[in-house]
Amino acid sequence: MVFDWRDAHTSDRSVRQSFECTVDFERTALGRPLFHPRPYEREVQTHIRRAALPSSANGRLRLGFAGGELAAVVQINLEGTRDGYSFVRLQVVAIARQFRGLRGEAADEAMHEALVQSVVLGPAGASEGTVVSALIDVVNEPSRRMLQRHKFALRDTIDGQLEEWVVLAVR
Amino acid sequence: MPRSRHPHDAPLSVDCVLPLPVIDWEDVLLAQDPTRPPTRAHLRTLQKRNAVSQGLQVTQRKNGRLAGRKTYFSTLWGFSARLRGVGANDIAARLDSAAEDVERRFRAPLILFLKDNALSDLPNASFFPDLALFSAQKLHQSGALESLSVVSGMVVTAENSRVRVHGMWQTHEPVDITLPGQLRRSGPPRVRDSVWVISRPVLGAAVTELLDASIVAVNPQAASAYDWSRPGPEVAPVLTEEDFDDEAAARYQRIAHPELNDSYFDELLRDLADGRIPHTTIHLTA
């Protein structure tokens with residue numbers, strides 16, 4: 001699976017606003033939302049639909065297309081540099097519903113794109129590598145498996161709700 | 001002109017989430033000591049000491065043949081055991097007598113029903129609402145709930161051996177908690193199951209239990225004691241899609257854009273130096 005990746009533009013707003021990476025709410029018989037079965041996925045979807053474009057110096061919002069359809073979204077942010085390392089936070093690695101479940105192929109490609117962009121985003125002075133971190137919900141098993149496949153290690157659990165995973169990406 | 005209030009304007013019943021009023025003998029023993037595997041010998045010892053009743057002995061049949069013998073108890077015995085564990089002996093004694101009362105009053109229909117049905121099917125019994133409400137009223141009147149931390153709620157996700165419960169403390173505060181699914185002996189609960197989560201201190205640690213519960217339609221007067229234990233959107237922190245998404249976006253903003261400070265980078269650098277952060281090589285293609 002190969003997506004066509006490019007930076008998001010302001011003209012992509014309508015494409016982003018129709019992006020779906022989660023299931024619908026569980027609803028009452030009258031259609032009123034009762035609860036969302038995967039609230040952490042809904043948070044990402046809402047963020048993708050509403051996020052402002054990042055500044056090119058510190059962030060990237062990348063869109064992956066397949067057959068003209070928005071299939072994946074990646075967002076990263078450069079948080080700082082110290083002692084030859086740059087520190088990048090993965091903010092979004094999201095796969096559209098129709099591209100999920102293919103043994104994680106789409107997720108792996110999106111994660112690879114995120115890591116490549118993280119390394120590229122690091123300033124020239126960051127010669128030692130890029131520390132890439134990601135926060136996921138503790139019940140988000142697909143994301144955990146994706147991070148493990150890309151050699152991330154669990155570093156911390158925050159308030160019993162979020163896990164922080166990290167890896168050092170070097171060229 | 002406002003019309004006068006007609007008696008029929010009041011709702012005839014209100015839904016409440018109430019704990020399953022009957023449990024099996026192993027649950028009574030586990031409520032007393034969650035660290036000790038339950039045995040029949042231990043049950044007999046407790047019965048000899050009059051610490052628990054003889055319970056309801058049910059000879060079960062399947063396809064007309066004998067299929068085993070089960071012993072069930074009022075769930076109030078479980079609450080009584082938990083209360084003794086936190087030193088509330090007076091309330092526990094009141095519950096003992098209430099438990100005997102429940103078992104005496106509902107003995108015949110319970111034995112008749114459980115002889116051909118599983119305990120998990122009890123909410124389908126015609127007498128279930130009366131039984132559940134009678135038991136819940138006894139629980140409330142005893143003052144037991146003030147001595148325990150209780151959440152009434154609904155399972156909203158059940159994945160990867162974890163369950164997430166949206167609900168409400170008996171103090172009316174909304175709660176969203178994630179628990180291990182193995183807390184329930186009969187297997188992890190399913191999405192939309194009603195549950196009670198009970199926590200109590202034992203030797204400086206917290207013991208948390210997931211109790212089966214059921215939605216019961218009760219009269220509004222009786223329901224007032226359980227106005228914190230109501231099903232549906234009232235207890236879930238989701239009211240509208242827009243509200244949910246506003247909250248989701250705000251939460252994500254906090255997560256995705258943390259204010260990372262020097263001490264955080266110091267910690268990461270220490271972890272790097274200690275070899276706790278693995279490396280991956282990224283090949284940049286044209």
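Quick look at the numbers
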quantity: Taking B:LEU83, B:LEU284, B:LEU260 and counting other C-beta atoms within 10 Å, the order from fewest to most; calculated: B:LEU284, B:LEU260, B:LEU83
quantity: Rg/Rg_ref, segment B:32-98, where Rg_ref = 2.2 N^0.38 Å and atoms are Cα; calculated: 1.31
quantity: Average beta-carbon neighbours from other chains, 10 Å sphere, peptide A:111-121; calculated: 2
quantity: Modelled label reach - B:LEU260, point 7 Å along Cα→Cβ, segment A:96-115 residues with backbone N closer than 14 Å; calculated: A:115
quantity: Whole-number percent relative contact order across segment A:1-97, with pairs defined as alpha carbons under 8 Å at least 6 apart; calculated: 29
quantity: Average Cα contact separation per residue, segment A:131-171, under 8 Å, 6 or more apart, as relative contact order %; calculated: 52
quantity: Enclosed volume per residue, in Å³, of the convex hull spanned by Cα atoms of segment A:56-171; calculated: 107
quantity: Assigned charges on the beta-carbon of Lys, Arg, Asp, Glu; segment A:1-115 dipole about Cα centre (debye); calculated: 400
quantity: Residue mean of other protein chain beta carbons inside 10 Å, A:148-161; calculated: 2
quantity: Directionally averaged shadow of segment B:141-241, computed from the convex hull of its alpha-carbon atoms, nm²; calculated: 7.7
quantity: Charge dipole magnitude, Cβ of K and R +1, D and E -1 - segment A:54-170, Cα centre, debye nearest 20; calculated: 220
quantity: Length-normalised contact order for chain A - Cα pairs under 8 Å, 6+ apart - percent; calculated: 18
quantity: Bins of 10 Å from zero: percent of alpha-carbon pairs in chain B; calculated: 6, 22, 29, 19, 11, 8, 4, 1, 0
quantity: Beta bridges per DSSP with both ends in the protein assembly as shown, % antiparallel, nearest 5; calculated: 90
quantity: Mean ellipticity per residue at 222 nm, deg cm²/dmol - from DSSP H runs of n ≥ 4 across chain A, formula -39500 (n - 2.57); calculated: -7500 deg cm²/dmol
quantity: Charge dipole magnitude, Cβ of K and R +1, D and E -1 - the protein assembly as shown, Cα centre, debye nearest 20; calculated: 1920
quantity: 10 Å binning of all Cα-Cα separations within segment B:170-213, expressed as whole percents from 0 upward; calculated: 22, 54, 23, 1
quantity: Ratio of the Cα radius of gyration of segment B:9-62 to 2.2 N^0.38 Å, where N counts its residues; calculated: 1.67
quantity: Inter-chain shielding of A:76-88 (mean C-beta neighbours from other protein chains, 10 Å cut-off); calculated: 3
quantity: Sorted by Cβ neighbour density within 10 Å, fewest at the top, the residues B:ASP262, A:ASP108, B:ASP243, A:ASP137; calculated: B:ASP262, B:ASP243, A:ASP108, A:ASP137
quantity: Alpha-carbon radius of gyration plus Dmax, which is the widest Cα pair, for segment A:1-129 in Å; calculated: 16.3, 58
quantity: Computed FRET value (nearest 0.05) for A:ARG82 with B:SER13, which takes r as the C-beta separation and R₀ as 56 Å; calculated: 0.30
quantity: Nearest-ten-degree value, helix B:128-142 long axis tilted from longest Cα axis of chain B; calculated: 80
quantity: Cα-based Lys pair tally, chain B, threshold under 23 Å, eight or more apart or on separate chains; calculated: 4
quantity: Backbone HN-Hα couplings from phi across segment B:190-199 [Karplus 6.51/-1.76/1.60, Hz, Gly and Pro as x]; calculated: 9, 4, 6, 5, 8, 9, 10, 10, 10, 10
quantity: Chain B: calculated mean residue ellipticity at 222 nm from DSSP helix runs of at least 4, using -39500 (n - 2.57); calculated: -11000 deg cm²/dmol
quantity: Volume per residue that the Cα convex hull of the protein assembly as shown spans, once the total is divided by residue count, Å³; calculated: 220
quantity: Angle in degrees between helix B:241-256 and the longest Cα principal axis of chain B, rounded to the nearest 10; calculated: 50
quantity: Ranked list, fewest to most other Cβ atoms within 10 Å of each Cβ, for B:THR39, A:THR22; calculated: B:THR39, A:THR22
quantity: Charge dipole (the protein assembly as shown, unit charges on Cβ, about Cα centre) - positive-most of A:VAL116, A:THR81, B:SER161; calculated: B:SER161
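Readers should treat all values here as calculations from the given coordinates under stated rules, not as data from a laboratory. Since the structure is predicted, the reported quantities are computational estimates derived from the model, not experimental observations. Counting neighbours? That spans all protein chains shown, and the Cβs are built from the backbone with ideal geometry, glycine included.
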